[in-house]
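Okay, structure first, notes after.
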Amino acid sequence: MPLSNIIKNALISVSDKTDILKIAKTLIKNRINLFSTGGTSTILKKHKIPVTEISDYTKFPEIMDGRVKTLHPKIMGGILRRKNQDQEIMKLYNINPIDIVIVNFYPFEKEKDIKKNNIDNIINNIDIGGPTLVRAAAKNYKNVIVIVDFSDFNFVINSIIDNTLNTEKRLYLATKAFEYTSRYEKNISQYFLKKNTFHVNHKKKLFPKEINFSFIKKQDLRYGENQHQKASFYIEKNILQSGTISTANQIQGKSLSYNNISDADIALECAKEFKDPACVIVKHQNPCGVAVSNHLLNSYLLAYNADSISAFGGIIAFNSLVNEDTAQAIIEKQFVEVIIAPNITTLALKILQKKQNIRILITGTIKKNKIGLDLKRVTNGLLVQEHDFYDTNDEKWKFVTKRRPTEKELQDAVFCWKVARFVKSNAIVYGRNQTTISIGAGQMSRIDSTKLANIKVKDQDRDVIGATMASDAFFPFRDGIDSAALVGISCIIQPGGSIRDSEIIKAANDHNLAMIFTNKRHFKH
């Protein structure tokens, strides 16, 4: 069946004219009449493709430098007409039915990022007619085919030829059309928000009455938390910050899984906390080994030896260039799922290529995340909070015990406090010489997390004498202090704030421990 028996008229109005000649030729080949706006029609006519200009059809010129051209009753009526209801009115006003609408918008998204453009120039690139045409066509999807993504064109034509362009496929195209207009206007509103002096002066609401996010698929994943769960990775459409897992480039290895990305994000964000060469090894969303030193190889060896059992199958993140010595040590020491780093030397990459399954993610320059929202999905809802960003400022900490921490203990307290922020609550971190010794994570009581850290110390025969302990929240009872003192902890850093703080401080004094109150907690659920 000829397409012209089903589709008689197509309207084309595009800013991005890529492939438009191919599309137009296909429509003409199938005896479809083309209607188009000035810029598009000029190109089609230049290539000898017959087309009717909108202004010729409506008998009304494009006015106001092209600001008004498609918003006309003969156009809107042709798109919105109902097949079995509007024949008389269409005949009365000589309105042709429009069966297919192919539109893309002025490139506002690109124009807003051109620094030389002022707000007036950028406003000129806000499309009015295009979104109106798309919405009208999408609303009338049962009668009109709407295409906003040129990659759908062949699928549409083939479906028409095969007589398989059913309501479901039309609804799919309409859905894409509304998503397209939604993203477009969201981009405009965000730009206006930044430019709005009144809004800036009255402070942007962090948590508005209604919240919308726009994410695009980066990649399908091997599977979700378990192999029977399908999964994909979506990232923010307009990412402002580089040096994250979302913007990282995978240069080697198998495709990533849901758990790989989740663990890699924690590992990288923890590694960002340190200026000197640092290594963070994460397993099941908890750091199991963290170390900072003058050399990356040494940092890796210290982090690995901190808990070599848990490091098996772990995720390793570095905050600086991975060299060949470090790569060789990883190959010799452990089975690793993912390595994340700002960059890697050519020789190091060749060494790691011996294990082709190792996933290597290169992030580029990294820096601490100071802005943004943290999201957690619950059934039929979304929890939204600020990121737990915290610049360590030990000048504001309180030294609450008789004995003040030594310079070394204070250095380790800063280190352990940074690590504790990335450990699942209840979190207990033992560390010395800027290296974790033992970590107790995710227990229902703080004393159980402390006992777990002690068990790992004993099982791995760790020397804890003179080490520092960090707790992500206050101690409700003195039992955690007593338990830590028994294994040799000499300094404790915690938020404070318990109704039993005086009892907790007394326990520390009883054991001659130094104790620091930060007045901030770091729960991580």
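The values are calculated or read from the model by the stated rules, or taken from the named source; none is laboratory data. All of these numbers come straight from a predicted model, not from anything done at the bench. We place every Cβ from the backbone using ideal geometry, glycine too, and count neighbours over all the protein chains shown.
Tell me which residues, restricted to region 490-525, are of a type in the set (Ser, Thr, Tyr) and free of Cβ contacts under 8 Å to residues at least 12 places away in the same chain.
Step one: filter region 490-525 for residues of a type in the set (Ser, Thr, Tyr), giving 490, 498, 502, 518.
Passing the criteria: only Ser502.
Show the residue pairs that are 6+ apart or on different chains and have beta-carbon atoms under 7 Å apart, the first residue being within region 293-311 and touching a residue at least 24 places away in the same chain (Cβ under 8 Å), the second being aromatic (Phe, Trp, Tyr) and assigned to a helix (DSSP H, G or I).
Close Cβ pairs satisfying both conditions: Ala311/Tyr304.
What residue, of Thr52, Thr58, is over 25 Å from Ile188 (Cα atoms), modelled with pLDDT under 90 and touching a Leu at 6+ places or on another chain (Cβ under 8 Å)?
Details: Thr58 fails: touching a Leu at 6+ places or on another chain (Cβ under 8 Å).
From the options Thr52, Thr58, the qualifying one is Thr52.
How many residues are outside any helix (DSSP H, G or I) and surrounded by fewer than 22 Cβ atoms within 10 Å (Cβ to Cβ) if we restrict to region 503-517? If you could, list the steps in order and put the result at the bottom.
Just the residues of region 503-517 that are outside any helix (DSSP H, G or I), to begin with: 511-517.
After this cut, where a residue has to be surrounded by fewer than 22 Cβ atoms within 10 Å (Cβ to Cβ) as well, the list is 511-512, 517.
Summing the residues that are outside any helix (DSSP H, G or I) and surrounded by fewer than 22 Cβ atoms within 10 Å (Cβ to Cβ) in region 503-517 gives 3.
Tally up the residues in region 156-182 that are without any contact (Cβ under 8 Å) to a residue 60 or more places away in the chain, exposed (fewer than 15 other Cβ atoms within 10 Å of the Cβ) and either outside any helix (DSSP H, G or I) or not polar (S, T, N, Q) (or both), please.
7
Is it the case that Val423 is modelled with pLDDT under 95, in contact with a strand residue (DSSP E or B) (Cβ under 8 Å, 6 or more places away or on another chain), within 25 Å of Pro277 (Cβ to Cβ) and not basic (Lys, Arg)?
Details: modelled with pLDDT under 95: no; in contact with a strand residue (DSSP E or B) (Cβ under 8 Å, 6 or more places away or on another chain): yes; within 25 Å of Pro277 (Cβ to Cβ): yes; not basic (Lys, Arg): yes.
No, not satisfied.
Please go through region 320-344 and give me each residue that is buried (at least 19 other Cβ atoms within 10 Å of the Cβ), among the polar types (S, T, N, Q) and not in a loop (DSSP other than H, G, I, E, B), ordered by number.
Of everything in region 320-344, just one residue is buried (at least 19 other Cβ atoms within 10 Å of the Cβ), among the polar types (S, T, N, Q) and not in a loop (DSSP other than H, G, I, E, B), namely Thr326.
Condition test on Lys204, is it outside the structural domain of Lys22 (by TED's automatic domain parsing) and modelled with pLDDT under 90?
Numbers: outside the structural domain of Lys22 (by TED's automatic domain parsing): yes; modelled with pLDDT under 90: yes.
Against the criterion (outside the structural domain of Lys22 (by TED's automatic domain parsing) and modelled with pLDDT under 90), Lys204 qualifies.
For region 117-155, how many residues meet the condition of being touching a helix residue (DSSP H, G or I) at 6+ places or on another chain (Cβ under 8 Å), over 14 Å from Leu80 (Cβ atoms), part of a helix (DSSP H, G or I) and in contact (Cβ under 8 Å) with a residue 60 or more places away in the chain?
4
For region 510-524, does any single residue satisfy the condition of being among the polar types (S, T, N, Q), closer than 23 Å to Ser299 by Cα and at pLDDT below 95? Reasoning before the result, please.
If we filter region 510-524 for residues that are among the polar types (S, T, N, Q), which is where we start, we get 512, 518-519.
This time we only want the ones that are closer than 23 Å to Ser299 by Cα, so: none.
There is no residue in region 510-524 that is among the polar types (S, T, N, Q), closer than 23 Å to Ser299 by Cα and at pLDDT below 95.
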